[in-house]
Amino acid sequence: MEIGEMQKFVTAIVNDKLATMNSVHRQSTITTIKAENIAQHSFFVAYYALKIAKKLKLNDELKGEITIQALIHDIAESSSSDVPSNVKYQVPGLKQMLDKAEDFAINKYFPEIKDEFTSLRKHEAEGDIVGTVIKLADIIALIQFLKTERALGNQDATLLKVIRETYDNLGRYLDHLEEIVTDEQAKSVKTEDK
């Protein structure tokens, strides 16, 4: 690669849409004391996903895939903005519209990660180990944020309700993860018996 090509490449990175992840705040249905931006949230999700993957003793390839996809799971929101998940599912058709907006953002601003983003969507839809670990990490990051809000003295009337609902959601995904792990162990035993 020529120096001029590298200079253009680095200049493009410096001017990348990704920088807006630092200024786009995550949305909430409760009043918050502290704002969290998409970049902060994505870091926490990637970190927690890697911790979970290590605890599950997943192979290095899966750990890498999980970490990368967790890191980019909300990257399109730097263009489309964040919409709280409960709102996405309450309004008929909104989730599908937001998916289209995210696809547009990925294609326009982040084409170099289109394959990884498409893979993430596939894992989420299938509810496999990759999608489930990332969703668990996403929920854990939200719980940590909500706990911080509580510790800072947030008295929003719905905060405790949201915390309880989020823990319920965490329980559902932990149950699902247990099913996946049990199924994988059963398959492993069958393979060893052959």
Item to complete: Taking the options THR182, THR148, THR166, name whichever one is more than 18 Å from VAL45 (Cβ to Cβ), part of a helix (DSSP H, G or I) and among the β-branched types (Val, Ile, Thr).
Response: THR182
Practice prompt. Check off (1) closer than 20 Å to VAL162 by Cα; (2) of a type outside the set (Lys, Arg); (3) open to solvent by 90 Å² or more (accessible area, probe 1.4 Å); (4) under 19 Å from the mean Cα position of the chain (by Cα) for PHE43 and give me the number that stays unchecked.
Written response: (1)
Worksheet item: Looking at LYS8, LYS34, LYS55, which one is exposed (fewer than 13 other Cβ atoms within 10 Å of the Cβ), touching a residue at least 40 places away in the same chain (Cβ under 8 Å) and more than 15 Å from the chain's Cα centre (by Cα)?
Response: LYS34
Practice prompt. Quickly run through segment 125-138 and pick out the residues that are modelled with pLDDT of 95 or more and part of a helix (DSSP H, G or I).
Written response: GLU126, ILE129, VAL130, GLY131, THR132, VAL133, ILE134, LYS135, LEU136, ALA137, ASP138
Worksheet item: Hey, which of the helices (runs of 4 or more DSSP H) in segment 52-117, taking only ones fully inside, have at least 2 residues that are closer than 14 Å to ILE129 by Cβ?
Response: 60-72
Worksheet item: Which one of these is in contact (Cβ under 8 Å) with a residue 40 or more places away in the chain and either touching a Lys or Arg at 6+ places or on another chain (Cβ under 8 Å) or among the hydrophobic types (A, V, I, L, M, F, W, C) (or both): VAL91, VAL83?
Response: VAL83
Discussion item. Please count how many residues of segment 104-139 are open to solvent by 60 Å² or more (accessible area, probe 1.4 Å) and in contact with a Phe, Trp or Tyr (Cβ under 9 Å, 6 or more places away or on another chain).
Written reply: 1
Worksheet entry | Residues (open to solvent by less than 60 Å² (accessible area, probe 1.4 Å) and assigned to a helix (DSSP H, G or I)) located in segment 151-163 | LEU159, VAL162, ILE163
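The values are calculated or read from the model by the stated rules, or taken from the named source; none is laboratory data. The structure presented is a predicted model; accordingly, all values stated were derived computationally and were not measured. FYI the Cβ positions are ideal-geometry reconstructions off the backbone, even for glycines, and counts take in every protein chain you see. Each accessible area value is taken on the protein alone, full model and side chains, heavy atoms only, with ligands, DNA and RNA left out. Shrake-Rupley method; radii C 1.70, N 1.55, O 1.52, S 1.80 Å.
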